[in-house]
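Okay, so here's the structure we're looking at.
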Amino acid sequence: MSAFRRLALTLALLGAPLGAFFAASPVWAQSKPVPASPPITDAKSWHAALLRQVGANTLFPNLPQPPLKEGEAPPPLPSGQVMVQFVLDRNGQVQSAKVVQGSGRSEFDEAALDALKRATPLPKPPANVTGESFSLRLPIVFRGGPQPQNTPKAKPPRSN
């Protein structure tokens, strides 16, 4: 019996709720204070914060793959860049968004718009940037490259 199963069985017999011991994030991670972001005081640092937040929410899309023959390596993933234009209100909410320069692949274009949705609300503009809404353009880059090989791993010998 694995150590995890022994522990789970012991906790169950003691009447302890498993959720208290196996939370989604470890206790040490929950107790650490979240580092504060540096205050945004100018348009340049605001733009950099927008790029960081959208970049952190950008996911590489699932692309159609040609069938592979046994032993054949998958082709490298393509790269692409999408220029999106969006209107942002003072509270960091995206009011509208569109692709103004596509990548040539609809999967990248859709993933760029999805990244904006996931990143909302975006950082609020600093006080010295005036206006109630802002039309902005951001490049969203997808970096391709070699795909990992799905090679079967040798199973470790069983010990009793």
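The values are calculated or read from the model by the stated rules, or taken from the named source; none is laboratory data. Source: prediction; values computed, not measured. Positions of Cβ are backbone-derived with ideal geometry, glycine not excepted, and every protein chain shown enters the neighbour counts.
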Next item on the list: Among the numbered conditions (1) closer than 16 Å to Arg143 by Cβ; (2) in contact with a Pro (Cβ under 9 Å, 6 or more places away or on another chain), tell me where Pro78 comes up short.
Entry: (2)
Check: List the pairs whose first member sits in the stretch 133-160 and is more than 22 Å from Gly92 (Cα to Cα), whose second member is of a type in the set (Ser, Thr, Tyr) and at pLDDT 75 or above, and whose Cβ atoms are under 7 Å apart, counting only residues at least 6 apart or on separate chains?
Finding: Phe142/Ser79; Arg143/Ser79; Gly144/Ser79
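Every residue, every condition in (1) at pLDDT 50 or above; (2) exposed (fewer than 10 other Cβ atoms within 10 Å of the Cβ); (3) under 26 Å from the mean Cα position of the chain (by Cα); (4) of a type in the set (Phe, Trp, Tyr), yes or no:
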{"position": "Ala12", "(1), (2), (3), (4)": "no, no, no, no"}
{"position": "Ala16", "(1), (2), (3), (4)": "no, no, no, no"}
{"position": "Pro26", "(1), (2), (3), (4)": "no, yes, yes, no"}
{"position": "Val34", "(1), (2), (3), (4)": "no, yes, yes, no"}
{"position": "Ser45", "(1), (2), (3), (4)": "yes, no, yes, no"}
{"position": "Pro61", "(1), (2), (3), (4)": "yes, no, yes, no"}
{"position": "Leu68", "(1), (2), (3), (4)": "yes, no, no, no"}
{"position": "Gly71", "(1), (2), (3), (4)": "yes, yes, no, no"}
Notebook entry, point to check: Taking interchain pairs and intrachain pairs at least six residues apart, which have beta carbon atoms under 9 angstrom, with the first residue in the stretch 51-64 and without any contact (Cβ under 8 Å) to a residue 12 or more places away in the chain and the second outside any loop (DSSP other than H, G, I, E, B)?
Noted result: Pro64/Glu107
Notebook entry, point to check: Could we say that Leu88 is crowded, with 18+ Cβ neighbours inside 10 Å and without any contact (Cβ under 8 Å) to a residue 60 or more places away in the chain here?
Noted result: yes
